[in-house]
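Notes to accompany the following structure.
Every read-out reported here was derived from the displayed coordinates using simple, explicitly stated rules and does not represent laboratory data. These numbers come from a predicted model, not from an experiment. Please note: Cβ atoms are built from the backbone with ideal geometry, for glycine as well, and neighbour counts cover all protein chains shown.
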Amino acid sequence: MSTIGMARHIDQLGRLVVPAEFRRALGIEAGDQLDMRVEGERLIISKVDPECAICSSRSGLHEIHDRHVCDLCVRDLTRAQSTV
């Protein structure tokens, strides 16, 4: 993996632009979620891959009310709802 580095200023509202080169390299698109954490004196920003809110699966996802739910959990929830 190659290293890409550049400096950016934070604006008056605390915003930071993620350069296009970084977004392309990490496959980050508009609307993606990023995780931010402090480790020592470093700010670590990582792309968050969506996962099922119930079982943490990363395949067969559907976005429902800003959450992701996989096919299996949708099926289980539908089945549980029909027995109520």
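Can you list the trypsin sites (Lys or Arg not before Pro) in the chain that are in a DSSP coil and have 14 or fewer other beta carbons within 10 angstrom? Before the final figure, lay out each step's value.
Numbers: sites: ARG8, ARG15, ARG23, ARG24, ARG37, ARG42, LYS47, ARG58, ARG67, ARG75, ARG79; in loops: ARG8, ARG15, ARG58.
For trypsin sites (Lys or Arg not before Pro) across the chain that sit outside H, G, I, E and B with at most 14 neighbouring Cβ atoms in 10 Å, the list reads ARG8, ARG15, ARG58.
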Can you compute the helix-only [θ] at 222 nm over the chain? Use -39500 (n - 2.57) per DSSP H run of at least 4 residues, normalise by all residues, nearest 500 deg cm²/dmol.
-6500 deg cm²/dmol
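How long are the semi-axes of the equivalent ellipsoid of the chain, taking √(5λ) for every eigenvalue λ of the Cα gyration tensor, in whole Å from largest down?
On the way: eigenvalues 256, 39, 29 Å².
Calculated on Cα positions only, the semi-axes equal 36, 14, 12 Å.
Suppose R0 equals 25 Å. What FRET efficiency, 1/(1 + (r/R0)^6) with r the Cβ-Cβ distance, do GLN33 and LEU72 give to the nearest 0.05?
Working: r = 22 Å, r/R0 = 0.89.
So, using R0 = 25 Å, E works out to roughly 0.65.
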Taking springs between alpha-carbon atoms closer than 10 angstrom, which of ALA20, ALA30, ALA53 fluctuates most in the Gaussian network model of the chain?
ALA30
Scaled by the rule-of-thumb 2.2 N^0.38 Å, the alpha carbon Rg for segment 1-48 gives a ratio of 1.21
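Given a Förster distance of 41 Å, report the FRET efficiency between GLU63 and ALA7 from their Cβ-Cβ distance, rounded to the nearest 0.05.
Details: r = 35 Å, r/R0 = 0.85.
After rounding, the FRET efficiency stands at 0.75.
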